[in-house]
1. Select from region 41-67 the residues that are surrounded by 11 or more Cβ atoms within 10 Å (Cβ to Cβ) and either part of a loop (DSSP other than H, G, I, E, B) or in contact with a Ser or Thr (Cβ under 8 Å, 6 or more places away or on another chain) (or both) and list them in ascending order.
2. Residues being in a strand (DSSP E or B) and without any contact (Cβ under 8 Å) to a residue 40 or more places away in the chain: count how many of those fall in region 68-91.
3. Considering only residues that are modelled with pLDDT under 85 and of a type in the set (A, V, I, L, M, F, W, C), look in region 33-52 and name the one that is nearest to T85 (Cα to Cα).
4. Given the residues K72, K82, which is the only one that is of a type in the set (D, E, K, R) and more than 30 Å from Q11 (Cα to Cα)?
5. Filter region 143-158 for residues that are open to solvent by 90 Å² or more (accessible area, probe 1.4 Å) and modelled with pLDDT of 95 or more and give the result.
6. Collect the residues in region 80-131 that are out of contact with any helix residue (DSSP H, G or I) (no Cβ under 7 Å at 6 or more places or on another chain) and among the charged types (D, E, K, R), keeping them in residue-number order.
7. Of V37, V17, which residue is surrounded by 14 or more Cβ atoms within 10 Å (Cβ to Cβ), among the hydrophobic types (A, V, I, L, M, F, W, C) and either within 30 Å of Y156 (Cβ to Cβ) or without any contact (Cβ under 8 Å) to a residue 60 or more places away in the chain (or both)?
8. Does any residue in region 94-113 that is within 27 Å of R55 (Cβ to Cβ) come within less than 8 Å, Cβ to Cβ, of a residue that is at pLDDT below 90 and of a type in the set (K, R) six or more places away or on a different chain, and which pairs are these?
Amino acid sequence: FLAQLDEMEAQVGSMLVECTNTVSEVVNERVKDMTPVAIIMKPDPARYEKDPFYRAAYTEYLKSTEPNFLRKGWHIKPAVMKGRTAEGGVFNNVKYAPYLEYGHRLHAGQYIPLLGKRLKASFVPGFHMLQKAEDKTQRQIRRICDPIVRKYFGEYLE
């Protein structure tokens, strides 16, 4: 019996790493699906021709906008054992990702030349795409990890 316990203990780390990586993959797929895609604005033809400031602002806007840039920024950090815990996860290195996730403040009244308008709201709420993906996955963690646990410890569970 003690020999079986030693075998099981030796496999716990591998099982936790595999389970963490699988959960991270599921969260990564879900967060990519929930991430909004940028909509490329078309310029106002009349303003584009007449206003060099507008033309420069639009050119700069195009340089910094790619529709799937934020979606492509989601990556998985492979799980590693730290003590008795497996640590891994999902991250996004895109500079503006936290602003879309959590929301951000604006300067109400500031003029935006590209829009040709002044800002009205002082806060833009976040999309919380990572939080929603994690919450959805958390509710299904047993279904996700059960096959992995059975793969490692199925012979001992029967």
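The values are calculated or read from the model by the stated rules, or taken from the named source; none is laboratory data. Note that the structure is a prediction, hence the values are computed from the model and not measured. Note: ideal-geometry Cβ built from the backbone for every residue, glycine included; neighbour counts use all protein chains shown. The protein model used for the area step is the full one, side chains on, heavy atoms only, and it has no ligands, DNA or RNA in it. Shrake-Rupley method; radii C 1.70, N 1.55, O 1.52, S 1.80 Å.
1. Those that are surrounded by 11 or more Cβ atoms within 10 Å (Cβ to Cβ) and either part of a loop (DSSP other than H, G, I, E, B) or in contact with a Ser or Thr (Cβ under 8 Å, 6 or more places away or on another chain) (or both): M41, P43, D44, D51, T65, E66, P67.
2. Let us first name the residues in region 68-91 that are in a strand (DSSP E or B), namely 74-82, 85-91.
Add one more test, that the residue is without any contact (Cβ under 8 Å) to a residue 40 or more places away in the chain, and what stays is 82, 91.
Residues meeting the conditions: 2.
3. A38
4. Details: K82 fails: more than 30 Å from Q11 (Cα to Cα).
That would be K72, the only listed residue that is of a type in the set (D, E, K, R) and more than 30 Å from Q11 (Cα to Cα).
5. Within region 143-158, the subset open to solvent by 90 Å² or more (accessible area, probe 1.4 Å) is 143, 150-151, 155, 157-158.
R143 - this is the single residue of region 143-158 that is open to solvent by 90 Å² or more (accessible area, probe 1.4 Å) and modelled with pLDDT of 95 or more.
6. Listed by number, the residues that qualify are K82, R84, E87, K95, R105, K117, R118, K120.
7. On the way: V37 fails: surrounded by 14 or more Cβ atoms within 10 Å (Cβ to Cβ).
Going through V37, V17 in turn, the sole match is V17.
8. Taking only residues 6 or more apart or on different chains, the pairs are Y111/K117.
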